[in-house]
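Trainee: Before we start, here is the structure in question, set down as structure tokens.
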2 protein chains.
Amino acid sequence: MTKLLISMGIMHDVFQTYAKRDGDAETLSKRELKELLQAELPGFLESCASKEKENEEKVKQLVLGLDQDGDEKMDFSEFVIFITAVILMIHGLDPRPCQKTK
Amino acid sequence: MTKLLISMGIMHDVFQTYAKRDGDAETLSKRELKELLQAELPGFLESCASKEKENEEKVKQLVLGLDQDGDEKMDFSEFVIFITAVILMIHGLDPRPCQKTK
């Protein structure tokens, strides 16, 4: 298996680990996405908002912003696009640092 | 490092391995993308077109379709979105099998 297929396989494993928690392994709910971000991108939620309520709002807004079919859940395609945006934001390749969002 | 960050790191390594061949490590040219697909998704180009000329046209159309800023090159964000679409197509999660395109 090539490196590219291995990396996509790992990403799909991570997605499914959290997606299946509510019985629907095809999509991430807002709660599942939050759990995934807390475990897999430690510090991300904390760096973007200091209080629990703000964290929830941040995740909700991020999900809504990338939830292309409007069902408030995130499928694997939406997840990969979302994670790419988040990681580019964290790594400073995007001019908008997350500290400036509130 | 978490599994999610490891998988994104591998994907970025693959991207840069091919992107830097023309001296610009930030974007993939059509030629670099074709070389990447041939090595990292073996069988993909062959399954979509049988002749060399058709392969080139297929890659050109795919790049143009996902080249959001219109410069005919693909940055890392565009690459991740593209690869996700390709892998979902190959794995049958998308209703449009690539054999039907010519």
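Trainee: Of the residues that make up segment B:64-76, is at least one modelled with pLDDT under 70 and either surrounded by 13 or more Cβ atoms within 10 Å (Cβ to Cβ) or closer than 20 Å to residue A:7 by Cα (or both)?
Mentor: Taking segment B:64-76 first, the residues modelled with pLDDT under 70 are B:64-71.
Applying the additional criterion that residues be either surrounded by 13 or more Cβ atoms within 10 Å (Cβ to Cβ) or closer than 20 Å to residue A:7 by Cα (or both) yields B:66-67.
There is at least one residue in segment B:64-76 that is modelled with pLDDT under 70 and either surrounded by 13 or more Cβ atoms within 10 Å (Cβ to Cβ) or closer than 20 Å to residue A:7 by Cα (or both).
Trainee: In addition: Can you tell me how many residues within segment B:20-45 are assigned to a helix (DSSP H, G or I) and away from chain A (no Cβ under 13 Å)? Steps first, please.
Mentor: Going through segment B:20-45, the residues assigned to a helix (DSSP H, G or I) turn out to be B:20-22, B:30-40, B:44-45.
Now drop any that are not away from chain A (no Cβ under 13 Å), which leaves B:20-22, B:30-32, B:34, B:45.
Total satisfying the criteria: 8.
Trainee: Under 8 Å between Cβ atoms, which residue pairs at least 6 apart in sequence (or on different chains) link something in segment B:1-19 that is more than 9 Å from chain A (Cβ to nearest Cβ) with a partner that is open to solvent by 60 Å² or more (accessible area, probe 1.4 Å) and among the charged types (D, E, K, R)?
Mentor: B:19/B:26
Trainee: Determine, yes or no, whether residue B:1 is modelled with pLDDT of 85 or more and not in a helix (DSSP H, G or I).
Mentor: Yes: the conditions hold for residue B:1.
The values are calculated or read from the model by the stated rules, or taken from the named source; none is laboratory data. Computed from a predicted model, the values in this text were never measured in an experiment. With ideal geometry, Cβ positions are generated from the backbone for all residues, glycine too; neighbour counts draw on all protein chains shown. Remember, those area values only see protein heavy atoms, side chains included, never the ligands or the DNA or RNA. Shrake-Rupley method; radii C 1.70, N 1.55, O 1.52, S 1.80 Å.
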